[in-house]
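Presented below is the structure to which this report refers.
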Amino acid sequence: MKAPISWLKEYVDINVDIDTLCEKMVAIGLEIEEVCYLGENVTNTVVGQILSIEQHPNADKLVVCQVDVKTSKIQIVTNSKTVKVGDKVPVALSGANLATGQHITAGPLRGVHSDGMFCGPEELGITKDYYPNGDVDGVLVLRESAVVGQDVRKEVGIDDYVIDVCVTSNRPDCNSVYGIAREIAVALGKKVKPLDVSYTEEDGDIAQYVDVEVTAPDLCPAYFMHAVKNVKIQESPLWMTSRLAKIGLHGISNMVDVTNYVLMEVGQPMHAFDESDLCDKTIIVRRANEGETIIPLDGKEYKLTNKNLVIADKTRPVGLAGIMGGANSGIKPQTELVVFEAAKFAHDNIRHSSRDLGLRSDSSARFEKGVDVYSVQLGLDRALHLVQQLGCGTIVKGRIAKVDEKPFNQTIAFNYSRIKQLLGIEIDKRTVKKILNSLNVEVEYKGKEIVCTVPPYRTDLVRYCDIIEEIIRVYGYDNISGTMLENSHITFGGKNQKDLFVDNCHGILTGMRYNQCIFYPFGGKGLYDKLSLNGYDMSHNIKLLNPLGEELSAMRTTMCADILQCASLNHKRKNLDLKLYEYGAIYLAKSLPLEELPDEKKGISMFASGETVNFDSFKCDVLTLLDGFVQKVHLERSKVEFLHPGISADVFVDGKYVGFFGKVHPTICKNFGLAVDGYVAQLDFDTLYTLKNDKFKYQTFAKYPPVDRDFALVMSEDVLAQDVLDEIKNVCSLCEYAQLFDVYRHESLGANNKSLAITVRFRDNTKTLKDTEIEEQVSVCLKALKDKFGAVLRS
């Protein structure tokens, strides 16, 4: 909402500079979007009086003028033939800047020195709305009352600031100049001058001129009409048009300008009908007929539906309710009798109609935010006062009122102690009463209670907490001191143990060059089908009631689909060397449809692909993450459908299942469009957290050398390599680690057999191993493997 300071000063005494004013307005909760100085682009331009005019010696079309600018006599060369001796004109001195972007410097014109330039309305950035003859094409001749030497911005009305206030949806009362003036009065501790709404009715009766019927009271709860006869259509005075111009409206005619003035001053949209254009002198407020058309004042034709509300006469619509009047009933130069309309329309209907028709106006913007019944009558009264003040018509007796809604009337009573309970500070009763009275809230103390009667235009004040909010915004949020809540105690901030565990996981993964991803916790059948060899079963997924789309319609039960989809997108963009991870959640329903909240299980998913990535390297990454928190990790062959059989593993910690990892199944790679082999993992974070080991035993660096022995063992295809490695570690007391480095298959090994090449490292931390000790360990190992798995050394 834009409001010129000069207009605001009519209602409240503003005795502070613009910066201080804005600070005080912000302090009480008003947001200032912009402050615009109207004369910003016009500098070093003053009122000058022409003392003499002589013909230019070297140019027939130029004259040389001697001009008094009070501080000195200067010479101006001009081509204007309309100026004469004694005229007062705007003079741009050397160094001046003008609204047209010109920069003026002194210098010779055809051999004669000129100290500046005479200005017209265009150079000053004004129109006839600001100043008499403001539309002249040439030098602007100022009024005789203009003071010589004065800054011309003061003379033409652009020495003014316009503040643009962002009005929130709960404060429609501030959507007007007078509403902002009320707030400024509160901020400055001043009294606001009441609006003059007095007027005198003459003979006649409005029933002679118009009748009103409201057939849609749900969309129009209040509708008022008042008539003005003996209308004289003419231009509005400058004080009115200049105020409208400063907020972006042009003067049209006195009757139309009155409605626009009331719209901006009071915030009440109004419309003026030419009574002679109303068929059968009747106004009907009704829903539009399906397919009905109207041409509003913008000149375009609009096709209506029965969802639109119209103002109609007996035969046709004459206005779009709350949006714009019809071109067939507007004010014309020959108009003699005007009927003013002021109403309250349902804000949601106006918003929908305005959006559907693609037609917005200042009126629709006000109605969309809400208009109260009190302001409707206030606006109509103010319009009639202005009509009488301008002398442009005679006010007819009587007012038509179709009212289904009473003016807002709210009384709020609550215990005074609630103020301290909510704010945490004590404010004395006298201060509270003073603050609320400044907001026009009447206050009465009854024992421990405070009873507040809210003004009819403050429809946002409905509960005790609203009143307390008004108190503190005026009292000052800076006056709130930090206090402890009742029965509270000091706590130390920081992250809990689980948060620190999460941070450690992030640190380990990023240390291995994994990049974190964040995905939606929901997906669709199209995505999850890619993760299955035979079609994904969605019966266990929780369906969303209002999904963003079909592909985001169900809560996920696995994290792998999202990270594979992300990898696919990167592969399509030739980003093949990938290391990705996500810390997120899956949602497991105990039963469907839901009878209780599902289990939200936190987890970690990982993906890797690229030239240097294989099963062993990916396994190493997974175990590196686990080794940071747990000690006893056991791997078994995985049966996860979307992993490659035999190149995957389930992960167990202390005998509990915590996840899986492995190579992505070739079919699944094809489904997702992966360009190279990929490896994926999913770990149950919540289970890992319960199994984490906070105590790790420190072990010094080994002082004695190890001994490595390689074995090529032939065994059945059914024997798992991990089982062989685990057995070696169990039976060899000096085994430091055992690692598989090759798998060999050939018909010479026998049917259904394979050869595993394993490196075993032996070390004794107390001495250097002897050959006999090593051979003893090897014998024990080979015997155990033969007994348990039938494994023998390959010859």
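The values are calculated or read from the model by the stated rules, or taken from the named source; none is laboratory data. As the structure is a prediction and not an experimental result, all values here were calculated from the model. Glycine gets a Cβ as well: all are built from the backbone with ideal geometry, and neighbour counts include every protein chain shown. Surface areas here come from the heavy atoms of the whole protein model, side chains and all, with no ligands, DNA or RNA. Shrake-Rupley method; radii C 1.70, N 1.55, O 1.52, S 1.80 Å.
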Identity of the residue in the stretch 617-635, exposed (fewer than 15 other Cβ atoms within 10 Å of the Cβ) and charged (D, E, K, R), that ends up farthest from the chain's Cα centre (by Cα): K632
Whichever residue in the stretch 509-527 is in contact with an Asp or Glu (Cβ under 9 Å, 6 or more places away or on another chain) and part of a helix (DSSP H, G or I) and, among such residues, is surrounded by the most Cβ atoms within 10 Å (Cβ to Cβ): L509
Condition met for F660 (at pLDDT 95 or above and either within 30 Å of L793 (Cα to Cα) or open to solvent by 10 Å² or more (accessible area, probe 1.4 Å) (or both)): yes
Residue count, the stretch 251-261 (criterion: in a loop (DSSP other than H, G, I, E, B) and under 32 Å from the mean Cα position of the chain (by Cα)): 0
Strands (runs of 3 or more DSSP E) enclosed by the stretch 8-68 - at least 1 residues per element that are touching a residue at least 60 places away in the same chain (Cβ under 8 Å) and more than 30 Å from D87 (Cα to Cα): 31-37
Residues of the stretch 284-311 satisfying the condition of being hydrophobic (A, V, I, L, M, F, W, C) and buried (at least 21 other Cβ atoms within 10 Å of the Cβ): V285, A288, I294, L304, L309, V310, I311
Close pairs from the stretch 402-418: first closer than 10 Å to E449 by Cα and open to solvent by 70 Å² or more (accessible area, probe 1.4 Å), partner among the hydrophobic types (A, V, I, L, M, F, W, C) and outside any strand (DSSP E or B), Cβ under 9 Å, at least 6 apart: R418/C465; R418/I468
Wholly within the stretch 136-247, strands (runs of 3 or more DSSP E) carrying at least 2 residues that are touching a helix residue (DSSP H, G or I) at 6+ places or on another chain (Cβ under 9 Å) and not β-branched (V, I, T): 222-229
Lone unmet requirement of (1) assigned to a loop (DSSP other than H, G, I, E, B); (2) modelled with pLDDT under 90 for Q722: (1)
Of residues in the stretch 312-344 being part of a loop (DSSP other than H, G, I, E, B) and among the small types (G, A, S), the one surrounded by the fewest Cβ atoms within 10 Å (Cβ to Cβ): G330
Matching residues, the stretch 70-93, being open to solvent by 20 Å² or more (accessible area, probe 1.4 Å) and either under 19 Å from P121 (Cα atoms) or of a type in the set (D, E) (or both): N79, K81, T82, K84, K88, L93
The one condition in (1) within 20 Å of R458 (Cβ to Cβ); (2) modelled with pLDDT under 90; (3) not aliphatic (A, V, I, L, M); (4) not assigned by TED's automatic domain parsing to the domain that holds M270 that R418 fails to fulfil: (2)
Single condition V228 does not satisfy, out of (1) without any contact (Cβ under 8 Å) to a residue 40 or more places away in the chain; (2) more than 20 Å from D362 (Cβ to Cβ); (3) open to solvent by less than 40 Å² (accessible area, probe 1.4 Å): (1)
Positions within the stretch 237-265 being open to solvent by 20 Å² or more (accessible area, probe 1.4 Å) and closer than 17 Å to V376 by Cα, in sequence order: N260
Among (1) outside the structural domain of A146 (by TED's automatic domain parsing); (2) out of contact with any Leu (no Cβ under 8 Å at 6 or more places or on another chain); (3) open to solvent by less than 20 Å² (accessible area, probe 1.4 Å) - the single one V64 does not satisfy: (1)
Within the stretch 731-753, considering residues that are assigned to a helix (DSSP H, G or I) and at pLDDT below 90, the one farthest from I774 (Cα to Cα): E747
Per-region count, the stretch 377-392, residues out of contact with any strand residue (DSSP E or B) (no Cβ under 9 Å at 6 or more places or on another chain) and outside any helix (DSSP H, G or I): 1
Some residue of the stretch 572-592 being open to solvent by less than 40 Å² (accessible area, probe 1.4 Å), touching a residue at least 24 places away in the same chain (Cβ under 8 Å) and part of a helix (DSSP H, G or I): no
Matching residues in the stretch 17-31 - criterion: being open to solvent by less than 50 Å² (accessible area, probe 1.4 Å) and under 20 Å from D159 (Cα atoms): I18, T20, L21, C22
Yes/no for K619 being free of Cβ contacts under 8 Å to residues at least 24 places away in the same chain and touching a Leu at 6+ places or on another chain (Cβ under 9 Å): no
Neighbours by Cβ (under 9 Å, 6+ apart or cross-chain): first from the stretch 640-657, in contact (Cβ under 8 Å) with a residue 40 or more places away in the chain; second assigned to a strand (DSSP E or B) and open to solvent by 50 Å² or more (accessible area, probe 1.4 Å): A649/E636; A649/R637
Filter result for the condition that a residue is touching a strand residue (DSSP E or B) at 6+ places or on another chain (Cβ under 6 Å), over 25 Å from T667 (Cβ atoms) and small (G, A, S), over A567, A585: A585
Tabulated pairs, the stretch 533-558, first in contact (Cβ under 8 Å) with a residue 60 or more places away in the chain, second open to solvent by 40 Å² or more (accessible area, probe 1.4 Å), C-beta under 7 angstrom, 6+ apart or interchain: L533/E641; L533/T667
Which numbered condition S361 misses (of (1) more than 30 Å from D203 (Cα to Cα); (2) among the polar types (S, T, N, Q); (3) in contact with a strand residue (DSSP E or B) (Cβ under 8 Å, 6 or more places away or on another chain); (4) touching a residue at least 40 places away in the same chain (Cβ under 8 Å)): (4)
Boolean, T100 is open to solvent by 20 Å² or more (accessible area, probe 1.4 Å), at pLDDT below 95, touching a helix residue (DSSP H, G or I) at 6+ places or on another chain (Cβ under 7 Å) and assigned to a loop (DSSP other than H, G, I, E, B): yes
Filtered residues of the stretch 668-704 (kept if open to solvent by 70 Å² or more (accessible area, probe 1.4 Å) and farther than 30 Å from D577 by Cα): T690, D694, K695, F696, K697, Y698, Q699, T700, F701, K703, Y704
Residue match in the stretch 366-376 (condition: in a strand (DSSP E or B), hydrophobic (A, V, I, L, M, F, W, C) and either open to solvent by less than 40 Å² (accessible area, probe 1.4 Å) or over 18 Å from A401 (Cβ atoms) (or both)): no
